[in-house]
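I have placed the structure first, in the form of structure tokens, so that the comments after it can refer back to it.
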Amino acid sequence: MSSTFHYIKLLLLAIALSLGVSIVYAWTGPTASPPDGNTATPINTSATSQVKSGGLWLGSLGTDGGALFGGSVTSPQFCIGASCITSWPPGPTGPQGPTGATGATGSTGATGAQGIQGDRGLTGFTGPTGATGPTGATGATGATGATGATGATGPAGPTIGFGQYQARYTNTVYYASTDGFVVGNIPIENNGGPFYVLVDSSNPPVTTRANDVGAYWTGQFTFTVPVRKGDYWKVWASGILASVVYPFGWWVPVGP
């Protein structure tokens with residue numbers, strides 16, 4: 001019994017010596033004179049502010065006050081309440097600034113080699129017809145063509161000719177129902193004139209178309225005066241024939 005107890009004490013003593021040697025070898029002395037070189041205070045729950053020079057990684061982080069970061073904050077998303085975003089929306093486009101002055105035109109570069117001609121494109125729609133150009137000079141007249149066949153002869157027109165001679169008298173108004181001629185031959189004796197052939201559209205006519213004013217010689221007053229259809233005519237004699245109706249000549253009608 002005593003030997004067993006003895007062995008137990010030896011074992012306990014060996015364990016205590018080995019632990020003491022381990023503690024001696026594990027201890028590192030201070031690197032600076034007091035009060036410097038102290039071990040950093042561990043993070044605790046006190047109200048004293050603490051500063052940590054190295055990084056600090058946490059599973060989650062909450063704060064009852066504000067938070068101040070001296071560098072950038074990186075996160076896969078940012079949330080305000082239940083609204084979260086993964087990127088910032090683009091801001092509104094600012095007003096366009098004034099156009100700067102046009103720079104000087106640079107020198108023309110060398111002409112490059114001509115490229116390979118591409119396939120011909122489709123024909124475009126026909127454009128509107130342009131304005132008519134000026135008329136060109138008249139060309140030379142061509143040779144006269146052959147004379148065509150003579151057409152059929154049309155119906156004969158009415159035959160126009162002179163009618164029968166009709167005796168007429170001086171100092172009498174006549175109406176011309178057709179075109180015609182007044183033909184006369186009046187002997188002139190002393191104091192036998194003058195004579196007038198009056199023709200117009202008035203009744204009696206007043207316009208002189210022929211006359212002979214000789215009054216003091218002997219001879220013949222011969223005349224032929226045309227009269228238009230629808231006019232009035234009269235051979236007026238003065239002198240010794242003014243008060244008589246003298247058969248001076250004829251009315252010759254013209255018509256079909």
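Data overview
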quantity: Nearest-10 value in Å² for the accessible area of residue 52, using the 1.4 Å probe; calculated: 120
quantity: Protein-only accessible surface order, largest first, of 57, 250 at 1.4 Å; calculated: 57, 250
quantity: Linear extension gain, residue 220 paired with residue 172, 0.36 nm per residue minus alpha-carbon span; calculated: 15.3 nm
quantity: Nitroxide proxy distance, nm - points 7 Å out along Cα→Cβ at residue 183 and residue 143; calculated: 5.6
quantity: Gain in span if fully extended, residue 49 to residue 93, counting 0.36 nm per residue against the direct Cα distance; calculated: 11.4 nm
quantity: Cα-projected label distance for residue 254 with residue 210, points at 7 Å along beta-carbon direction, nm; calculated: 1.3
quantity: Exposure of residue 201 as accessible area (Å², to 10), given a probe of 1.4 Å and all protein chains; calculated: 90
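The values are calculated or read from the model by the stated rules, or taken from the named source; none is laboratory data. For clarity, every value in this text was computed on a predicted model and none was experimentally measured. Because the Cβ atoms are built from the backbone with ideal geometry, glycine has one as well, and the counts that use them run over all protein chains shown. These area figures cover heavy atoms from the full protein model, side chains too; ligands, DNA and RNA do not enter into them. Shrake-Rupley method; radii C 1.70, N 1.55, O 1.52, S 1.80 Å.
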